[in-house]
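Only one structure is covered here, and it is reproduced in the block below.
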Amino acid sequence: MSLIHLSQTIINARKKKRLNQTEAAKYAGISLNTYRRMEDGFIEEVGITKVSEVLEIFGLEMAVREKGRPLTLEELQSGETY
């Protein structure tokens, strides 16, 4: 998953929960500036722990998978595109 795709996933999850950036940052326990950097695609400068905390409030998690492997049927059915 690219950083741009991860950023878009976070934006979509926030909008689905009907939260604004300030609320999402508060629930994740991070600063608004840090949260905005995530949505702007500067995740590599934020840190994996903070990204994980944001994903947690949206009921999402990061997963590691072999690069270049085809998507599973379950991944295709869920709409995953990475």
Sites matching GluC sites (Glu not before Pro) across the stretch 25-82 that sit in DSSP coil, with at most 12 neighbouring C-beta atoms within 10 Å: E61, E66
Loop trypsin sites (Lys or Arg not before Pro), the stretch 25-82 (other Cβ atoms within 10 Å of the site Cβ: 13 or fewer; DSSP): R65, K67
Karplus-derived HN-Hα couplings along the stretch 3-18 (A = 6.51, B = -1.76, C = 1.60, θ = phi - 60°), whole Hz, x at Gly and Pro: 5, 5, 5, 4, 4, 5, 4, 5, 4, 4, 5, 4, 5, 4, 7, 6
Karplus (6.51, -1.76, 1.60) ³J(HN,Hα), θ = phi - 60°, over the stretch 48-60, in Hz, Gly and Pro reported as x: 5, 5, 5, 4, 4, 5, 5, 4, 4, 5, 9, x, 10
14 Å beta-carbon shell around I57, net charge (K/R +1, D/E -1): +2
Label assignment, Kirkwood radius over Cα pairs in Å derived from the structure, set (i) 12.5; (ii) 13.3; (iii) 17.6: (ii)
Gain on full stretching of the segment that runs from R65 to E53 - 0.36 nm per residue minus C-alpha separation: 2.3 nm
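Every read-out reported here was derived from the displayed coordinates using simple, explicitly stated rules and does not represent laboratory data. Predicted, not measured: the structure shown is a model, and the values here were computed from it. All Cβ positions, even for glycine, are placed from backbone atoms using ideal geometry, and neighbour counts span all protein chains on display.
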